[in-house]
Each structure stands twice: as structure tokens, then as C-alpha cells.
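Before any comments, here is the structure.
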Amino acid sequence: MLLKITNANVLDGNGQLQLKDIYIHDGVIEKVADAGSETAGQAGAYQAVDAGGKLVTPGFIDMHVHLREPGYEHKETIETGSRSAAKGGFTTIACMPNTRPVIDTPETIGLVKNKAAEAGLVNVLPYAAITKSELGRELTDFAALKEAGAIGFTDDGVGVQSAQMMKDAMALAHSLGMPIIAHCEDNSLVEGAPVNEGEFAKRHGLKGIPNESEAIHVGRDILLAEATGVHYHVCHVSTEQSIRLIRQAKEIGIRVTAEVCPHHLLLAETDIPGLDANWKMNPPLRSQRDVEACIEALEDGTIDMIVTDHAPHSEEEKAKGMHLAPFGIVGFETAFPLLYTKFVLTGRWDLSLLVERMTADPARVFGLTAGRLEPGAPADLTIVDLEKEQEVDPAAFASKGRNTPFGGWKLKGWPVTTIVKGKVVWSEGQAN
Ligand SMILES: [Zn+2]
């Protein structure tokens with residue numbers, strides 16, 4: 001199958017936009033030529049998609065998402081989550097194992113891979129749990145899970161409370177050449193608190209989640225990563241203290257990488273309008289000082305990549321209020337326009353910084369062949385209309401989840417076509 005994308009505005013290595021034609025053969029990028037430079041005879045065999053001068057980037061990569069299947073299909077399925085990802089311009093997503101049952105056996109890894117293949121939309125890479133049922137008591141069979149297709153190990157949703165358990169996990173993962181991906185949270189400091197320990201909690205008489213509950217695990221795990229040599233990746237960094245520890249660890253050569261979510265770059269606890277659980281996520285929205293630390297860390301590379309932590313819940317679950325509702329917000333369909341509008345259009349970031357943190361950087365950290373727009377790379381591509389402006393409309397999401405604090409935000413820079421392995425999997429105007 002031959003496809004060409006004509007009049008594609010492509011970022012070059014210097015962050016400049018160049019008008020190109022992209023030739024795709026059997027799902028792989030064959031050639032990137034100056035727009036219009038090929039003769040009709042040569043190019044005639046290709047089916048054409050005219051990008052019309054819109055931005056074309058490598059497909060976005062999201063290394064932290066919740067697809068909820070098996071077990072929570074009322075929140076999301078692998079199919080609806082994949083469609084939501086495609087609509088947001090994502091072509092590769094890595095899903096978390098905190099499903100029901102937990103993804104902790106080769107069979108459950110196989111189930112995720114089969115469902116993703118049936119959906120046939122985006123590349124779905126499964127993580128497996130570190131401990132059986134994510135209970136923190138007994139390690140899973142790492143070798144068998146790797147063999148079945150797991151790309152790393154994580155108990156995301158909860159922290160691994162025992163340092164010995166984490167050390168054993170790291171040593172085993174390292175022996176298999178696999179990364180440990182850590183949700184950092186010390187339960188003894190949290191005790192069921194729904195929001196950050198700070199102004200909002202004080203005002204509403206709520207228990208708070210302190211910054212140390214995250215940073216203590218980050219610090220502990222960095223020492224364990226140093227001792228074991230494992231590639232240690234920190235999930236959804238939200239605090240100044242964690243960043244300080246990660247920065248220092250990188251400086252002395254410990255193999256640590258990290259991710260941050262759009263909401264932790266855009267919102268502080270002081271933005272929460274009231275006791276609305278669409279503003280409840282874990283880690284919680286922190287102080288403005290933490291937000292600024294996260295932005296700077298992403299800019300200087302201390303934090304390697306942007307992830308959404310897409311975490312759909314039903315409206316009934318989120319209606320239970322700040323105390324009882326589950327943590328999490330959806331993220332696929334708003335990530336790029338949010339960050340483009342609030343950081344690129346405001347002049348704080350170059351477009352290339354945003355694109356790299358959503359493509360080449362996650363690919364580099366996790367050793368993926370995607371994330372590059374060059375011959376030989378998978379033809380996973382996203383076409384973005386940087387001029388298109390519209391309000392975030394949760395009712396129009398492809399995800400089953402409507403739980404977002406960004407409803408009604410007027411944003412620019414919407415993905416309009418998503419291509420995976422040379423096949424258009426979503427385009428504007430198509431029904432969800
Ligand atoms: Zn988490």
C-alpha cells in the first residue's frame with residue numbers, strides 16, 4: 001500500500017517548518033521530499049492525502065494511560081480508549097495494569113494485545129504489574145510477562161510501600177533489561193486525603209496529600225536504582241522536591257527518567273473552583289510553586305516527556321463528590337491543544353519543544369522505533385490544524401469519560417488526521 005501526504009509542514013532539526021511530501025510504503029516512511037519536487041509519473045501510484053500546509057508531526061506517544069479493560073468497561077474499553085487516543089493525535093499509548101483483574105499474568109497481557117489488535121486503531125503497549133494484584137506482597141513473574149509482551153513493570157495507582165520489595169523488583173527487572181515505572185506515594189503520609197495539603201484543603205476542611213508523600217518514594221527509589229542499575233522511570237511528577245531529587249540523580253549518572261501531565265503544568269490547587277471531583281486526581285493539583293518547577297523541569301530536560309495519565313471514570317462515579325469520587329481525569333483529546341495554546345502561542349515554548357516531549361523523547365527513553373519523521377520509521381503521523389480554534393466539549397469526546405476540568409476552554413491547535421502504520425485511523429469530520 002502506497003500513500004503520500006502532500007504539502008505537509010514538517011519541523012526540521014532546527015525547529016523550522018518546511019513544506020514536504022511524505023511517501024509511505026507498507027506502513028513505513030519511505031521518503032521525505034520537498035513539496036512538489038516529484039514528477040507526476042513517479043508519484044502517481046500513491047494514494048494522496050493533502051495536508052494543505054498543516055503541521056505534520058510524528059504521531060504523539062503517551063506512556064501513561066488507563067484503558068480500564070478488563071473489568072471496568074463502563075469507564076472505558078480498549079476500543080473506546082484507542083479511538084479517543086487517535087482523536088487526540090496519539091499513535092502509541094502504554095496502558096497501566098490496574099484493571100480488574102490486574103494485568104499480572106501472560107494471559108491478561110495477551111488479552112490486552114488481542115483487544116488492541118481487534119480495535120485496529122493505535123499501537124497499545126501493555127505494562128505489567130510489579131506485584132500480584134498490585135497488593136505489594138509478591139512479585140509477578142517478570143520473565144514470563146516480558147515474554148508475553150509487557151514493556152515494563154509498574155503498580156501504577158499505588159506506590160510499592162516496601163523498600164525491599166522495590167529493590168527486589170528493580171534487581172529482577174534490570175537482569176531482564178526492563179524498566180521499572182513508579183507511582184510514587186507513601187501511604188503513611190496520605191491516609192485517604194482527596195486533595196493537596198495546602199490552601200484548598202485548609203479552606204474546605206479537607207485532609208491533604210503532602211508533597212513528601214511523593215518525594216520520599218522518589219528519593220528512596222533513586223537510591224535503589226543506583227544500587228541495582230535499573231532504568232527507573234518516575235510517573236506523573238508533581239512536586240518541586242521530587243524534581244530536585246531527579247535533577248541531582250541525573251547529574252550524577254543514575255538511570256532515572258520522568259514524566260509530567262498537562263494538568264500539572266497548567267493548573268494549581270488555587271484554580272480548583274469548588275468541591276468538583278473533575279478536579280480530583282492523583283497526584284493532586286499542587287501549589288503554583290510546584291507548577292512552575294514542573295514547567296522548568298520539562299524545559300531543561302529534567303523531566304523527559306509529557307504523558308496524559310488519561311483516567312476515565314463514569315459520571316455517576318465522579319458525582320460522588322471530592323471525598324468519595326475516584327481520582328483521575330481524561331487527557332487524550334485535550335493534551336496537544338492545551339499545551340500548544342498555553343505554552344507555544346504565549347511564546348514560552350518553541351513548537352519543537354512541545355512536539356519532542358510528546359514524540360522523540362518518550363521514544364528515546366523507552367527504545368521505540370516511532371517518534372521520528374524520517375525514512376525507515378513507522379508511518380505513524382499526526383496532522384494538526386494550528387489555526388483551528390474551538391472550545392473543549394466533553395460531550396463530544398470519543399472517550400467514554402467526560403471527567404475533565406478543561407470543559408469550555410477555548411483552544412487552538414487541534415489534531416485533524418491521525419495515521420498509524422500508513423493507515424488513516426481517525427480524521428476530522430468522521431463520527432467517533
Ligand atoms: Zn499513578
Legend entry - Gyration tensor (alpha-carbon) shape descriptor, the range 64-145, a/c threshold 1.5: prolate
Legend entry - Debye equation applied to the C-alpha atoms of the range 226-348, log10 I(q)/I(0) at 0.17, 0.18 Å⁻¹: -0.90, -0.98
Inset, instruction - Calculate the length of the line joining the C-alpha centroid of the range 315-363 to that of the range 131-183, in whole Å. - result: 27 Å
Legend entry - Local electrostatic count at Gly253 - Lys and Arg +1, Asp and Glu -1, tallied over other residues with Cβ under 13 Å: +1
Inset, instruction - Count the net charge of all other residues whose Cβ sits under 11 Å from the Cβ of Lys4, scoring Lys and Arg as +1 and Asp and Glu as -1. - result: -2
Inset, instruction - Using only the alpha carbons of the range 1-137, determine the length spanned along each of the three principal axes and report them from longest to shortest in whole angstroms. - result: 62, 32, 24
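Can you run the Rg to Rh ratio on the range 235-294? Use alpha carbon positions and the Kirkwood inverse-distance Rh. It would help to have the intermediate numbers written out before the result.
On the way: Rg = 12.9 Å, Rh = 12.3 Å.
Value, to two decimals: 1.05.
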Legend entry - For the chain, the fraction of alpha-carbon pairs in successive 10 Å shells from zero, as %: 5, 22, 33, 26, 11, 2, 0, 0
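Find the percent of Cα-Cα distances in the range 167-296 that exceed 23 Å, and round it to a whole number.
Numbers: 2837 of 8385 pairs.
Roughly 34 percent, rounded to a whole number.
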Inset, instruction - Looking at the chain, send over the antiparallel percent of its DSSP beta bridges, to the nearest 5. - result: 55 percent
Legend entry - Alpha-carbon centroids, the range 44-86 and the range 374-411: separation in whole Å: 10 Å
Inset, instruction - Please tell me the relative contact order of the range 141-288 in percent, rounded to the nearest whole number, where contacts are Cα pairs under 8 Å and at least six residues apart. - result: 22 percent
Inset, instruction - Calculate, axis by axis, the spread of Cα positions in the range 276-432 along the three principal axes, and write the results as whole Å, longest axis first. - result: 51, 40, 30
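Report the Rg/Rh value for the range 331-418, based on alpha-carbon coordinates and the Kirkwood definition of Rh. Before the final figure, lay out each step's value.
Details: Rg = 14.2 Å, Rh = 14.2 Å.
Looking at the range 331-418, the ratio lands at 0.99.
Kirkwood Rh over Cα pairs of the range 104-190 into Stokes-Einstein at 10 °C, 1.306 mPa s: D in µm²/s? The partial results should precede the final answer.
Values: Rh = 13.4 Å.
Stokes-Einstein gives a translational diffusion coefficient of 118 µm²/s.
State, as an integer percentage, the relative contact order of the chain based on alpha-carbon contacts under 8 Å between residues 6 or more apart. All intermediate terms of the calculation are to be shown ahead of the outcome.
Details: 1053 pairs, mean separation 80.9, N = 432.
Relative contact order comes out at 19 percent.
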Legend entry - Surface/4 of the Cα convex hull for the range 1-82, nm²: 7.6 nm²
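Would you kindly calculate the mean projected area, averaged across all directions, of the convex hull enclosing the Cα atoms of the range 177-221, in square nanometres?
Values: hull surface 14.4 nm².
Result: 3.6 nm².
Coordinate-derived values only; no laboratory data. Note that the coordinates shown come from a computational prediction; the quantities given were computed from them, not determined experimentally. Reconstructed Cβ throughout: ideal geometry from the backbone, glycine too, with neighbour counts over all protein chains shown.
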